[in-house]
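Reading through the structure tokens given below for one structure.
The values are calculated or read from the model by the stated rules, or taken from the named source; none is laboratory data. These numbers were taken from a predicted model, which means no experiment stands behind them. Virtual Cβ from ideal backbone geometry, glycine too; neighbours counted across all protein chains shown.
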């Protein structure tokens, strides 16, 4: 991160409300808005294109500041953080760049196998099964937008099965014309199983049990943590014990094999996406951005038309803090990304800063539970930890509004349980009212209630496939 950013940064990009236990927090959204405002006056237009599976392509147009030594430093931070966010929002194996040669070379070097963003390069290459590349194109050759025409989600007609695969249990549901007729939670232990037949047989048994409550099965929809492209498993923690060669042979096409066996439309997506869909089903509102705060941050987006665009929405890796000393995410090696702000890791980070002491044996989930118990008792430091996460969320809501057209911000997950969730919501709303009053009128923050949880991931997943008539 550029050294131009510090706690003495331009007041226009500083937070008016600072987290008590993270006082050097520097919101990325305020910087992007400030930079774009400056560049709009007399800046140069640039465009970014992100190509993912099936030649799908998302484009982004903006302006950069006129050329100068001082502006170049600002522009490098702006363009790198912008591209990083877009990459984890949309997903891509190929980046098209229209703009100045020095900026292109800067991005090309960053996003290379030896560059600072090599984690992103390697992971995107794995997900899309193509070598990652950044190419410069002339305005006349810049590719056009091509978004998915698949209408995923919100299909209620017919007899459907839904499943949601968790780490300790999986849920199955039978749904007929939008009405739940059967649901079941089935314990399992997938992360320690090296034979994928274990996963396949357990899921098959669960689906057959649910199917026995329907006259026929016309479609199957499912959700699980991980990345799924064209119903293929690309990265998933549920299969972490499966050796790579067996993964490629048996796991990658597991859901395609399931579809062949059942002979009906089947769609599987990331559990974060189904979070947004469940929000829509419980609130009957579209334009939903779902944020699940658990072991990491999971994101999902349902557009104004009530469908899932099929983007990655891996907001755990999307940046939101420009503080050059922000906490480092161990997996990606980057600073200031979502996983360190909306998760058990965030609670741990703030708890240590607040002076809480933990034994090395205490896992993050146990630490979270302890802090939440202290919060319920009114312990000042514990209460402030969730207020601080609420401050993060208020600024993240503004950042996310730059990239997503949404009206409902639904928060859920273990971190939001009990009083903690109320504190997060209240503080986020306070930040919006103080810093971004126009957004306070546009965005409603919803804490997933019992109704949302009853609708459930499995039931929401059942509405994913379209039944062709």
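Within the stretch 63-119, being outside any loop (DSSP other than H, G, I, E, B) and without any contact (Cβ under 8 Å) to a residue 24 or more places away in the chain holds for 69, 70, 71, 105, 109, 118. Keeping to the stretch 302-325, report how many residues are within 18 Å of residue 30 (Cα to Cα), out of contact with any helix residue (DSSP H, G or I) (no Cβ under 7 Å at 6 or more places or on another chain) and crowded, with 20+ Cβ neighbours inside 10 Å. Final tally of qualifying residues: 1. Among residues of the stretch 92-138 being within 17 Å of residue 318 (Cα to Cα) and touching a strand residue (DSSP E or B) at 6+ places or on another chain (Cβ under 7 Å), the one that is modelled with the lowest pLDDT is 127.
Could you identify the single residue in 332, 296 that is modelled with pLDDT under 95 and farther than 28 Å from residue 10 by Cβ? Before the answer, list the steps.
Details: 332 fails: farther than 28 Å from residue 10 by Cβ.
Matching residue, one of 332, 296: 296.
Across the stretch 218-246, the number of residues qualifying as surrounded by fewer than 21 Cβ atoms within 10 Å (Cβ to Cβ), in a helix (DSSP H, G or I) and in contact with a strand residue (DSSP E or B) (Cβ under 8 Å, 6 or more places away or on another chain) comes to 0. Residue by residue through the stretch 43-59, note down the ones that are more than 19 Å from the chain's Cα centre (by Cα) and either in a helix (DSSP H, G or I) or at pLDDT below 95 (or both). If the condition is that a residue be more than 19 Å from the chain's Cα centre (by Cα) and either in a helix (DSSP H, G or I) or at pLDDT below 95 (or both), then 54, 55 are the ones that fit.
Of all residues in the stretch 392-421, those being at positive phi and touching a strand residue (DSSP E or B) at 6+ places or on another chain (Cβ under 7 Å) number 1.
Given 131, 215, which one is assigned to a loop (DSSP other than H, G, I, E, B) and assigned by TED's automatic domain parsing to the domain that holds residue 106? Exactly one of 131, 215 is assigned to a loop (DSSP other than H, G, I, E, B) and assigned by TED's automatic domain parsing to the domain that holds residue 106, namely 131.
Taking each residue of the stretch 148-175 that is buried (at least 24 other Cβ atoms within 10 Å of the Cβ) and looking for partners that are at pLDDT below 90 and assigned to a loop (DSSP other than H, G, I, E, B) with beta-carbon atoms closer than 8 Å, six or more apart or interchain, yields 153/306; 153/307; 164/456; 165/225; 173/456. Would you pick out the residues in the stretch 24-42 that are surrounded by fewer than 21 Cβ atoms within 10 Å (Cβ to Cβ) and either touching a helix residue (DSSP H, G or I) at 6+ places or on another chain (Cβ under 8 Å) or in a helix (DSSP H, G or I) (or both)? Result: 33, 34, 36, 37, 38, 40, 41, 42. Here residue 263 passes the criteria (1) over 22 Å from the mean Cα position of the chain (by Cα); (2) in contact (Cβ under 8 Å) with a residue 40 or more places away in the chain; (3) on the phi > 0 side of the Ramachandran plot except the one numbered (2).
For residue 270, the requirement of being assigned by TED's automatic domain parsing to the domain that holds residue 345 and touching a residue at least 24 places away in the same chain (Cβ under 8 Å) is not met.
In the stretch 404-413, is there at least one residue being touching a helix residue (DSSP H, G or I) at 6+ places or on another chain (Cβ under 9 Å), assigned to a helix (DSSP H, G or I) and in contact (Cβ under 8 Å) with a residue 12 or more places away in the chain? Scanning the stretch 404-413, I find no residue that is touching a helix residue (DSSP H, G or I) at 6+ places or on another chain (Cβ under 9 Å), assigned to a helix (DSSP H, G or I) and in contact (Cβ under 8 Å) with a residue 12 or more places away in the chain, so the answer is no.
With the condition kept exactly as written, say whether any residue in the stretch 304-312 is under 30 Å from residue 367 (Cβ atoms) and in a loop (DSSP other than H, G, I, E, B). Scanning the stretch 304-312, I find at least one residue that is under 30 Å from residue 367 (Cβ atoms) and in a loop (DSSP other than H, G, I, E, B), so the answer is yes.
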